[in-house]
Amino acid sequence: GKIWTRSIERAELEIWETKANVLSSGFNEDNTLSIRVFSDKTPGAGFTEAIPNLEDVYFIALKSDQT
């Protein structure tokens, strides 16, 4: 899998959490959210591939333990 990132409106977070494997989210200066998604292919328009970081690996491991 790969890590993908995109800025979304706060109200969209719940939608993306049901549509994609959202690993984390954080606030941007303009009050939007930056989300990080784990997926083999792009989850949708507007996503760019990101370099995985230690936090991504941690959340992927946590989610795989829950299944």
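Among the residues of segment 16-31, those that are under 16 Å from Gly44 (Cβ atoms) and in contact with a strand residue (DSSP E or B) (Cβ under 6 Å, 6 or more places away or on another chain) comprise Trp16, Ala20, Asn21, Val22, Leu23, Ser25. Listed by position, the strands (runs of 3 or more DSSP E) contained in segment 1-60 that have at least 1 residues being out of contact with any Leu (no Cβ under 8 Å at 6 or more places or on another chain), surrounded by fewer than 12 Cβ atoms within 10 Å (Cβ to Cβ) and hydroxyl-bearing (Ser, Thr, Tyr) are 48-50. When you look at Glu29, is it out of contact with any Gly (no Cβ under 9 Å at 6 or more places or on another chain), more than 21 Å from Ser64 (Cβ to Cβ) and at pLDDT 95 or above, yes or no? So Glu29 fits the description; yes.
The values are calculated or read from the model by the stated rules, or taken from the named source; none is laboratory data. It should be emphasised that the depicted structure is a prediction, and the values quoted were computed from it without experimental measurement. Methodologically, a virtual Cβ is constructed for each residue, glycine included, from the backbone with ideal geometry; neighbour enumeration extends over all protein chains shown.
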